[in-house]
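Here the structure comes first, spelled out in structure tokens, and everything after it is commentary.
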Amino acid sequence: MQIRSLQTSTSFPLKGGALFTGCWEYELHPGEVAFAHSHAAGEEINLILEGRGVVSVGDVTREVGRGEVVFIPSQTQHSIRNPSSPILRGISVEASSPIAAQAPGTEARVTIRDLEEVIASIPNSLSAPEALQRIIKLFDLAGYLSEQIENALGLDSETSVETLARMEALVMGAVVTISRSYEFGSDSTSTHRRRF
């Protein structure tokens, strides 16, 4: 799987407090999958540019093909896979709302348990894009959790300092686990050697 960040312009603000998160072009070869994940306070739109694949959004799974657009609401598990097409290529655009991430009592709240669940789901073997996706998800969750802790407790209370320290240890330990799971140089074009 290949993921390439596309250049974006921040000079066009979004209304309603939304923040443009980014835009990526992705390619999945036969048998590859973008693992199931969700965005606590972000929405995503995928445009299929080439090939055919299978997209799961929440409880709905269906085949998609060239020219189709898939909308993914915030807080909804989603994945895309290429079971057999020579290549599945698309563009993903994400926007998030900081209000949803911080609003007390909303489903967008993130907990340490969310981090622990992501860490527990790390497989023994990861490709480079999968490893990068896992690390980004961890840092996204940690960022949302930090904001919630700051808004609820401030950053100078004993409880917030202890929680942030625990979160930091979990995230950094997970990055080490992901690094060990990463199949460095697993493709035939790599000239690098695994370093750990």
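Would you please give the FRET efficiency between ARG62 and SER157, computed as 1/(1 + (r/R0)^6) with r the Cβ-Cβ distance and R0 = 41 Å, to the nearest 0.05?
Efficiency computed from Cβ-Cβ geometry: 0.30.
Where does the charge balance sit around HIS37 when Lys and Arg score +1, Asp and Glu -1, over other residues with C-beta under 14 Å from its C-beta?
Once positives and negatives cancel, what remains is -4.
How far is it, in nm, from the label point at ARG113 to the one at GLN2 when both lie 7 Å from their Cα along the line to the Cβ?
Output for this residue pair reads 4.1 nm.
None of the figures in this text is laboratory data; all of them are computed from the coordinates on show. Bear in mind that the values here come from a model prediction, so they are computed numbers and not experimental data. Here the Cβ is made from the backbone with ideal geometry for all residues, glycine too, and neighbour counts use every protein chain on show.
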